[in-house]
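Visitor: Submitted below is the structure of interest, expressed as C-alpha cells.
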Amino acid sequence: MIQDYKDKRDFKPTPELFPERESTSEGPLIFVVQKHAGRQLHYDFRLEVGGVLKSWAVSKGPSYNPGTKRLAIMVEDHPLDYSNFEGTIPQGEYGAGQVIVWDRGTYSPDEDGEFFFNDRTKAEEKVREGLVSGILSISIRGEKLKGSWTLVRMQHSDKNWLLIKHRDKFAAPNRNILKEDASVISGLTIDDLNSIRPSSDKG
Ligand code: MN
C-alpha cells in the first residue's frame, strides 16, 4: 500500500508524483536506485513488487565488495511511477533535497540459480516470500549494478536489512561504483541540480 507515501507528503509544494492508482505493468520487474541528497545523503534502493516499489534507504550506497555489508533501512512503499522521478523537493517538504535516478533496470529473484525475468507472477511470488522470510537474493540488470545481490533482514528487527554483493563475476572489492555519480536518465549529478534551485526555495 502507498497510503504512507501519501500521508507523508503535501502535494502542492512537492514536485513528486501524486499517485492516482497503484500501477500495473508487464515484463520483468524493475528496480531503481535514487540518489537523494536529503538531510543526509543516501541511496534509495527500490524493487517493484505488487504494483509498488518496496524501498530501502542505504546511507552508504551499494558496494561491489562482497565483504561489505551495507545497512538498508526499509522505508514506506513508493508508487511504481516514482521510479522516473528526479528533481528538487523544496525546503520544508518531506525529504527536501535533490533526487536523481542513479541506476535502474530489471531484476529477478535468483535463488538456486533460477531466474524469473520472463515470469512476472513467479518472480513476485518469490520476492514476497523473501520479504517475509528476511532473505531475498536477486539478480540485477542495471547500468551500474549488475549480477547477484542479497538483502538480509537483521535479527530482531523489522526495518533493518543488509545489502550485500554476492561473490560472482561482477564482484569487485576495489571498485567504487559511487564514483559514477550521474543520473542514468539525464546525465545530471546532484551538484548539477543543486545549481538550479527552484524559485520557491528560500532555505
Ligand atoms: Mn530518500
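Visitor: What number of residues within the stretch 50-62 satisfy the criterion of being more than 14 Å from the ligand (Cβ to nearest atom) and surrounded by fewer than 21 Cβ atoms within 10 Å (Cβ to Cβ)?
Guide: Number of matching residues: 2.
Visitor: If you take the residues in the stretch 94-126 that are hydrophobic (A, V, I, L, M, F, W, C) and closer than 19 Å to Gly142 by Cβ, which one is nearest to the ligand (Cβ to nearest atom)?
Guide: Val99
Visitor: Determine which single condition Ala37 fails, assuming it passes every other condition in (1) near the ligand (Cβ under 10 Å from one of its atoms); (2) within 22 Å of Ile2 (Cα to Cα); (3) crowded, with 17+ Cβ neighbours inside 10 Å.
Guide: (2)
Visitor: Only one of (1) within 20 Å of Ile164 (Cβ to Cβ); (2) not in a strand (DSSP E or B) is not met by Glu26, so which one is it?
Guide: (1)
Visitor: Which residue out of Leu162, Leu151 is outside any helix (DSSP H, G or I), in contact with a helix residue (DSSP H, G or I) (Cβ under 8 Å, 6 or more places away or on another chain), under 28 Å from Gly51 (Cα atoms) and in contact (Cβ under 8 Å) with a residue 60 or more places away in the chain?
Guide: Sole residue among the options that is outside any helix (DSSP H, G or I), in contact with a helix residue (DSSP H, G or I) (Cβ under 8 Å, 6 or more places away or on another chain), under 28 Å from Gly51 (Cα atoms) and in contact (Cβ under 8 Å) with a residue 60 or more places away in the chain: Leu151.
Visitor: Also, quick follow-up: Within the stretch 4-16, identify whether any single residue is more than 15 Å from the ligand (Cβ to nearest atom), touching a Leu at 6+ places or on another chain (Cβ under 7 Å) and without any contact (Cβ under 8 Å) to a residue 60 or more places away in the chain, and answer yes or no.
Guide: No, the stretch 4-16 contains no residue that is more than 15 Å from the ligand (Cβ to nearest atom), touching a Leu at 6+ places or on another chain (Cβ under 7 Å) and without any contact (Cβ under 8 Å) to a residue 60 or more places away in the chain.
Laboratory data are not the source of any read-out in this text; all were calculated from the coordinates shown. Just so we're clear, the structure is a prediction, and the values are computed from it rather than from any experiment. Ideal geometry is used to build each Cβ from the backbone, glycine not excepted, and the neighbour counts take in all protein chains shown.
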